[in-house]
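Okay, here's the structure, questions in a sec.
Values quoted throughout were computed directly from the atomic coordinates according to the rules given, and no laboratory measurement underlies them. Worth saying up front: this structure is predicted, and the values here are computed from it rather than measured. Here the Cβ is made from the backbone with ideal geometry for all residues, glycine too, and neighbour counts use every protein chain on show.
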Amino acid sequence: MQLNWTPEERRFREDVREFVSANLPADIRDKVMRHQRLHRDDYIRWHCALDARGWGAPTWPGEFGGTGWNAIERLIFEVECFSAGAPRLLPFGLSMIGPVLMKYGSRAQQERFLPRIVRMQDWWCQGYSEPGSGSDLASLKTRAERDGDHYRVDGQKTWTTLAQYADWMFCLVRTNSEVKQQLGISLLLIDMKSPGVTVRPIKTLDGGCDVNEVWLENVQVPAENLVGEEGKGWTYAKYLLGHERTGIAGLGHCHRELRILKDLAARTQSSSGRPILEDPRMRDRLSRIEVDIMALEMLLLRVAAARGDAPPGPEASVLKIRGSEIQQDLAMLQMEIAGPDAWPYDPDWMEADAPFHGPGAEMTAASGAGYADMRKVSIYGGTTEVQKSIIARMMLGL
Amino acid sequence: MVFEYSEEQQMLADSLRRLMTDNWTMARRRARQGGLDPSAWNALAELGILGLVIDAGHGGFGEPPASLLPVHLELGAGLADEPVIPSCVMAATAIRASGNEEAARRWLPRIACGEAIFSVAYQEPGRRYATEPRDCRLAGLVLDGSKHLVWHAGAAHAWIVSARDAASNEAVLLIVPADAAGVAVTQTNTLDRSRCGRIDFKQVTLSQDHVLARGAAARAALDLALQWGTAALCAHAVGAMARLLDITVDYLKTRKQFGQPLAAFQALQHRMAEMVVAKEMALSMAYVAAAALTEPDARARRRMIAAAKLETARSGRFLSQCAVQLHGGMGMTDELEVGDFFKRLTVVELLLGDSAEQLAALEETA
């Protein structure tokens, strides 16, 4: 066993920290640290800065243009980036369709799409959930009928994150209604500019519109955009979901948010006039969350080291459950620190150019919205209830 | 102990429930947002809601403080955003408790019929929930300073403002008309679709009529206003919880996944049961808060109110989180009512003293 960071791992952490410090644009960092809204260009700028260093695909093997880092290095990279206020790398290409194409895609698809993901030339979105198929994803109804060298796709997807910016969608469709549900699903790659694709924003609790409905009306999709085989889409979907769940643990996010919280608590006065950070009750709360994050990190390291490059197993569910709880606790604690100042709110305040007065004002203003928004982490990527069922079934055989 | 509603209380609850169901639907609530709808306000006035706890001698309905419970349970279930609590509960209490009969005669009847809308301005920027005024100073009869987070500040015709007398250094409670020269209101929207405001007083010249109380009387009147407001808010929150519970049960019965209604899943049934427990505990504490208003022992009263606020906020938070979770992705949208209830129950913690304040009050009176 080697339970402490090795000199190589420490050096790697230093390298990443230095790079981010020198190359993360200050305006993007400020938006992230202040919980302000990021826009299309912000994500692209940061990804391109990483790509210039050869780090455009930090979780991919070198063979496909990635950094070839091991699981520990990948974790260090994520934590350091998040801690410094870098926006998360969009998972849809890098963590979702990318690995699926690497494992199940044709050579032509790999050559066409993978380099463009590395260089952030294609923005991907995820066509999975439907109004009638949330937790029960296998019941999805979006139809794809083969017609010569095309598929004709009809249906509706929902909760499609950032589809308004997307160039491509990887889409689960039903190609066969005669067989058991799971066996009639296929995975298609759909050009968002295709005629018949309509994106409509869904307004969420915090007043933002990061998720969308996507209508597909008689959309023509070339047959070569089928990933793997017809009827195997469910297998690919499950493979992808495993990757999604590990990322969602949000370790980097937790590290960063805790730092932000401590800073906020130091700058905010309690009713007694002293900084809230001096309140023993608050110190206890912060200590407990720090313990939680420490445990989450070690769990991630254990799982990462055990799996290596193999796809995530049911332990991803443990990570997702605990990671989402801690993220929600952090958001609530921020609102508590903000106290009465968390009550006034206007969605426009989430924009970087919103007028504020006084230090920390943006943080208190965003804390109520942040708390509301964080309720989603126990819902998306498979609800906590679904994760618990997976644990019961797959880890306990119940 | 008798828990049955009186005839008046039952009638008030029934007619208010009908009014909320018909006229405080989600669509109508949202359409009315941001401003005070006169017909909605009048509907409440006509039912006697606005003058509920103002005595008949001053134009009110003359109900005992306990009647706040059935009434605000219904208002909360309808997620009513009208300034009933700041005006008809808090300001009316401050005026009554001040002992200033002139002010009572001038203002209480107008508050009771809805003609005058008040709010209470006691919080100062950077001082969280502190009630001793420091920033706002009264030099002679000239007021300077700022208040913020004033509930429905923009809708009010006048505010009860706490200030410090520059000469005597004692607390004073003032009635400041919104149209006084030197007054500036900056309104903001709030997380729960309500409105609050910051008020800046710049050399506002008042008259003796505007001084509601001084010294100990001023402090006592403000404390009582906050206690009564808190009791009403607790009932409001519980009403919202009860309605949210019903909404969530309906959703679970309707929404199907895996070939059956979500209501069939035991894990979700248990979660709903937990929500029921939370609501019942909070409702019980709303009763404690109502009882506190007629508790003669000041220390006991303070503890009961603090405890009620603490429990209501915590239960409300838990129940509203569960409701969103049980609605799945739909719970995160702006489209459903769930979000509106969730946000109101979230801000209950932030109004009139957060949990840290309540715990401090319990410690001080231990």
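Going toward the positive end of the dipole of the protein assembly as shown, with +1 on Lys and Arg Cβ and -1 on Asp and Glu Cβ, which of B:ALA121, A:LEU333, B:GLY353 do you reach last?
A:LEU333
How large is the direction-averaged shadow of the alpha-carbon convex hull of the protein assembly as shown, in nm²?
35.1 nm²
Further question on the same structure: Taking K and R as +1 and D and E as -1, what net charge do the other residues with C-beta under 14 Å from the C-beta of A:LYS193 add up to?
Summing Lys/Arg as +1 and Asp/Glu as -1 gives -3.
Could you please tell me the mean projected area of the C-alpha convex hull for region A:124-231, averaged over all directions and given in square nanometres to one decimal?
Computing the convex hull of the Cα atoms and averaging its projections yields 6.6 nm².
Sort A:117-126, A:57-66, A:139-148 by the packing proxy (mean of other Cβ within 10 Å over each peptide's residues), most packed first.
A:117-126, A:57-66, A:139-148
At q = 0.16 Å⁻¹, work out log10 I(q)/I(0) for region B:217-364 with the Debye formula, treating every Cα as an identical point scatterer and leaving solvent out; two decimals please.
-0.80
Same structure again: Excluding residues on the same chain fewer than 8 positions from B:LYS147, give the aspartates and glutamates whose Cα lies under 15 Å from its Cα.
Hits, sequence-local ones excluded: A:ASP341, B:GLU124, B:GLU132, B:ASP135, B:ASP200.
Using the count of nearby Cβ atoms within 10 Å as a rough guide to exposure, how do A:GLU18, B:GLU124 rank from fewest to most?
A:GLU18, B:GLU124
Taking a threshold of 28 Å on the Cα-Cα distance, which of the pairs A:LYS262/A:LYS388; A:LYS141/A:LYS238; B:LYS256/B:LYS279; B:LYS253/B:LYS309 fall above it?
Cα-Cα > 28 Å for A:LYS262/A:LYS388; B:LYS253/B:LYS309; rest within.
Continuing with this model, one more query. Per the Kirkwood definition applied to all pairs of different Cα atoms, how many angstroms is the hydrodynamic radius of region A:15-132?
Every distinct Cα pair counted, the radius reaches 15.0 Å.
Taking the alpha carbon gyration tensor of chain B, what are the square roots of 5 times its eigenvalues, largest first, to the nearest whole Å?
36, 21, 20
What list of ³J(HN,Hα) values in whole Hz, one per residue of region B:3-9 in order, does the Karplus curve 6.51 cos²θ - 1.76 cosθ + 1.60 (θ = phi - 60°) give from phi, with Gly and Pro shown as x?
Result, ordered by residue: 9, 5, 5, 6, 4, 4, 4 Hz.
Also: How many Cβ atoms of partner chains, on average, are near each residue of B:44-55 if near means within 10 Å of its Cβ?
0
Along the charge dipole of region A:7-89, pointing to its positive end and built from +1/-1 on Cβ of Lys, Arg, Asp and Glu, which listed residue (A:VAL16, A:PHE82, A:TRP69) has its Cα farthest out?
A:PHE82
Residue by residue through A:330-343, how many Cβ atoms from other chains fall within 10 Å of the Cβ on average?
That works out to 5 on average.
Continuing with the same structure: Give the average, rounded to an integer, of partner chain Cβ atoms located within 10 angstrom of each Cβ in B:251-262.
If you average over the peptide's residues, the count of other-chain Cβ atoms is 2.
Can you tell me which of B:193-202, B:40-49 comes out highest on packing, and rank the rest after it, using the mean Cβ neighbours within 10 Å?
Highest to lowest by the protection proxy: B:193-202, B:40-49.
Among B:HIS152, B:HIS72, B:HIS210, which one moves the most in a GNM of chain B with springs linking Cα atoms closer than 10 Å?
Ranking B:HIS152, B:HIS72, B:HIS210 by mean-square fluctuation puts B:HIS210 first.
A further question on this structure: Just tell me which lysines come within less than 19 Å, Cα to Cα, of A:LYS203; anything on the same chain fewer than 8 places away is out.
Filter leaves A:LYS157, A:LYS376, B:LYS343.
With Rg and the Kirkwood Rh both taken from Cα atoms, where does Rg over Rh land for region B:7-113?
0.98
Give, as a single signed number, the net charge of other residues whose beta carbon lies under 10 Å from the beta carbon of B:ALA282, with Lys and Arg counted +1 and Asp and Glu -1.
Charge balance in the 10 Å sphere: 0.
If all Cα-Cα distances of chain A are sorted into 10 Å bins from 0 onward, what percent lands in each bin, rounded to whole numbers?
Using 10 Å bins, I get a P(r) of 5, 21, 31, 27, 12, 3, 1, 0 for chain A.
Could you tally the net charge around B:LEU12, taking each other residue with its Cβ under 13 Å from the Cβ of B:LEU12, Lys/Arg +1 and Asp/Glu -1?
-4
Continuing with this model, one more query. Take each of the peptides A:33-40, B:329-336, average the number of other beta-carbon atoms within 10 Å over its residues, and list them starting from the highest.
Per-residue mean Cβ counts within 10 Å order the peptides as B:329-336, A:33-40.
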